[in-house]
There are 2 protein chains.
Amino acid sequence: MSINGNYGNDGYTLWLTGLSGAGKTTIALALEAKLKERGARVERLDGDVVREGLTRDLGFSKEDRDKNIERVTFVAKLLSRNGVGVIASFISPYQTARDLARRETTNFIEVYVNASLDTCIQRDVKGMYAKAIAGEIKNFTGISDPYEAPENPELTLTTDAEPVEESVAKVLNYLEARGLIQPAAVSLGEVR
Amino acid sequence: MSINGNYGNDGYTLWLTGLSGAGKTTIALALEAKLKERGARVERLDGDVVREGLTRDLGFSKEDRDKNIERVTFVAKLLSRNGVGVIASFISPYQTARDLARRETTNFIEVYVNASLDTCIQRDVKGMYAKAIAGEIKNFTGISDPYEAPENPELTLTTDAEPVEESVAKVLNYLEARGLIQPAAVSLGEVR
């Protein structure tokens, strides 16, 4: 048995894909917190985390998006094969790029964070959809750029129909069922 | 005590710097083998390893060299803080870039792989010095580009005066003394 949640060869790569505003970051942050509570080794990768050290030079063209995912995949490969749990949270609109990550990383789990485009436009947390629809932002996924929904994801989280807690619980249950994390400790009071 | 060589918070970043031909790759490969023999988690990063997934777009200008080290540093940071031993082997001619790696990574150990320029030119394993001297290769460290020797390295391996085995032993001894790897098991015959 592992001594630290996901030690052993039990690294994994949770790959959260979905439209801007679908809830990837919210779920990734909540998942990271829950996994760290359990003492698991986990690294969360998203655009903000990797921009400074890894992808500063990249924009949003197809070519740059592919390079972005390629570099993140390299990092996820090295972490996951060393027993670290990776939560990668990127729009990652192209199936071929996600398939690269699947081939390269250990225990790849494709998580489709699914909210309808209408829902995402209504949420428009960062005001980006309004700008994209007005033509002020180019290459905006869902508006002026394609999003290829996962063909066969391990998990689908329907965030316009379920609360965050439910989405997070689904992922944790899945990791437990796969033996990639230990079941949460059941507190029965302290035994000395 | 750790159960697996460098588990615990005992990640580290061995940073091998030196001229082309000084012996960085030879030492890195030998070190990697020795550490894996001991069951340690270790990742070796060098130009060949990172080119495809991380630095394909980069050349040898000062700017590109800095970006190269910046990306490798990001990867080394995430690995070393998760208990993985990193062997990074790059000419890395600029002190400021190596200082960035020192700041960002866990248990950074600067290893100066030191052979004189004359020795490296004589060795010229890949025929690169001849081309650089003939002006056929630009930005070649030591010939047409500067090499800033480490100001205060943790270790110096003088590869024109000591055999590879001695250099490797120095590094292993250093890691043991720092408590970053366990002493090699002393074989006293099998006890059942």
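Taking into account only those residues within region B:48-58 that are surrounded by fewer than 16 Cβ atoms within 10 Å (Cβ to Cβ) and not in a loop (DSSP other than H, G, I, E, B), which is farthest from the other protein chains (Cβ to nearest Cβ)?
So in region B:48-58, the residues surrounded by fewer than 16 Cβ atoms within 10 Å (Cβ to Cβ) come out as B:48, B:51-52, B:56-57.
Then keep just the ones that are not in a loop (DSSP other than H, G, I, E, B); that gives B:48, B:51-52.
Values: B:ASP48: 13, B:ARG51: 10, B:GLU52: 8 Å.
Result: B:ASP48.
If you go through region B:47-65 and keep only what is polar (S, T, N, Q) and under 18 Å from the mean Cα position of the chain (by Cα), you end up with just B:THR55. In region B:116-129, is there at least one residue being in a helix (DSSP H, G or I), acidic (Asp, Glu) and within 11 Å of chain A (Cβ to nearest Cβ)? No, every residue in region B:116-129 fails to be in a helix (DSSP H, G or I), acidic (Asp, Glu) and within 11 Å of chain A (Cβ to nearest Cβ). Condition check for A:ALA132 on (1) over 26 Å from B:ARG81 (Cβ atoms); (2) touching a residue at least 12 places away in the same chain (Cβ under 8 Å); (3) assigned to a loop (DSSP other than H, G, I, E, B): one failure, at (3). The number of residues in region B:98-115 that are surrounded by fewer than 22 Cβ atoms within 10 Å (Cβ to Cβ) and within 14 Å of another protein chain (Cβ to nearest Cβ) comes to 4.
Of all residues in region B:149-174, those being outside any helix (DSSP H, G or I) and over 14 Å from B:TRP15 (Cβ atoms) number 6. State all residues of region B:59-91 that are aromatic (Phe, Trp, Tyr) and within 7 Å of another protein chain (Cβ to nearest Cβ); if no residue qualifies, say none. Across region B:59-91, the qualifying residue is only B:PHE74. Test of understanding: among B:GLY39, B:GLY23, which residue is more than 10 Å from chain A (Cβ to nearest Cβ), on the phi > 0 side of the Ramachandran plot and buried (at least 24 other Cβ atoms within 10 Å of the Cβ)? One residue alone meets the criteria, B:GLY23.
Among the residues making up region B:78-101, those that are in contact (Cβ under 8 Å) with a residue 60 or more places away in the chain and either of a type in the set (Asp, Glu) or in a helix (DSSP H, G or I) (or both) are B:LEU79, B:SER80, B:ARG98, B:ALA101.
Being of a type in the set (A, V, I, L, M, F, W, C) and free of Cβ contacts under 8 Å to residues at least 40 places away in the same chain is true of A:LEU54.
Does region A:11-21 include one or more residues that are free of Cβ contacts under 8 Å to residues at least 60 places away in the same chain, of a type in the set (A, V, I, L, M) and within 30 Å of A:ILE143 (Cβ to Cβ)?
no
A short reminder: the numbers here are calculations on the coordinates, not readings from a lab. What you see is a predicted model; the values in this text were computed from it and never measured. Every residue, glycine among them, receives a Cβ derived from its backbone with ideal geometry; neighbour counts consider all protein chains shown.
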